[in-house]
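Chemist: What follows is a structure written as C-alpha cells; I'll ask about it next.
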Amino acid sequence: MIDRLRKWARGVKRDALALYLAARDPKTHWPVKALALIVVGYAFSPIDLIPDFIPVLGLVDDLLILPAGIWLVIRLIPGPIMAEYRASAEGLLERPVSRLAAAVIVFIWLASAGFVAWLVLVNSSREA
C-alpha cells in the first residue's frame, strides 16, 4: 500500500513537471498553457486553497483538487505530445541532485538573513 502511494505521488510530481514543460512549449495552445500554468503554480505554491491545519479538509486540495486539475490539463493535450512531456519530465527527475548547489543556496539565505539582522541592529542602535 505504501509503495503504491509513493508511486502515485511520484506520478503526480512527474505530471506536474510535464505540465510545466507543456506550458513553456510553443506547440501547446495558449488556453491549455494558461490552465497548465495555473495548475503548476498551485502545485508548487506553498499556499493552499484550504490550509493544511484544518483537519481532513486541509488535505482535500492536495489529494483531490490538484490531481483533478492535472487530469484536466492532461486531457486537453494530445496523447503523443503528452508522452513527450512525461518522458522529458522523467529525465529531469532522474538527474542527480547537486549538494553543492544546495549548500550555496543555503549559504546565500543565511548570509542574507545575517545582513538583515545586522541592518536592524545598526538602525536600532542609532535610534537609542
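Please treat every number below as a calculation from the coordinates, not as lab data. Note that this is a predicted model, so its numbers are computed, not measured. Cβ: placed from backbone, ideal geometry, glycine included. Neighbour counts: every protein chain shown.
Chemist: Roughly how tilted is helix 99-127, in degrees to the nearest 10 and between 0 and 90, from the longest Cα axis of the chain?
Modeler: 40
Chemist: Related question: Relative to the first principal axis of the alpha-carbon coordinates of the chain, what is the inclination of helix 79-94, with its axis defined by its Cα atoms, in degrees from 0 to 90 and to the nearest 10?
Modeler: 40
Chemist: Relative to the compact-globule scaling 2.2 N^0.38 Å, provide the ratio for the alpha-carbon radius of gyration of the chain. Intermediate results must be reported in sequence, preceding the final value.
Modeler: On the way: Rg = 20.1 Å, N = 128, 2.2 N^0.38 = 13.9 Å.
The value comes to 1.44.
Chemist: Pick from Val104, Val60, Val40: which is most flexible by mean-square fluctuation in a GNM of the chain where alpha carbon atoms under 10 Å apart are linked?
Modeler: Highest fluctuation among the options: Val104.
Chemist: For Val60 and Val12, what does the FRET efficiency come to when R0 = 22 Å and r is the distance between their Cβ atoms, rounded to the nearest 0.05?
Modeler: 0.90
Chemist: Among Ile81, Ile50, Ile38, whose mean-square fluctuation peaks in a Gaussian network model of the chain (Cα, cutoff 10 Å)?
Modeler: Fluctuation is largest for Ile50.
Chemist: Another one. Calculated FRET efficiency, Asp25 and Leu93, Cβ-Cβ r, R0 25 Å, to nearest 0.05?
Modeler: Between Asp25 and Leu93 the formula returns 0.90.
Chemist: While we're here: Okay, helix-only estimate at 222 nm for the chain: each DSSP H run of n ≥ 4 adds -39500 (n - 2.57), divide by all residues, round to 500 deg cm²/dmol; what do you get?
Modeler: -25500 deg cm²/dmol
Chemist: In addition: Would you mind telling me which residue in Ala23, Ala68, Ala89 has the biggest mean-square fluctuation in a Gaussian network model of the chain, where springs connect alpha carbons within a distance under 10 angstrom?
Modeler: Comparing Ala23, Ala68, Ala89 in a Gaussian network model of the chain, the most mobile one is Ala68.
Chemist: Whole Å is fine, so just give me how far the alpha carbon centre of the range 45-61 lies from that of the range 80-122.
Modeler: If we compute the Cα centre of each part, the gap is 24 Å.
Chemist: To the nearest 10 degrees, how steep is helix 30-44 against the longest Cα principal axis of the chain, on a 0 to 90 scale?
Modeler: Its long axis makes an angle of about 50 degrees.
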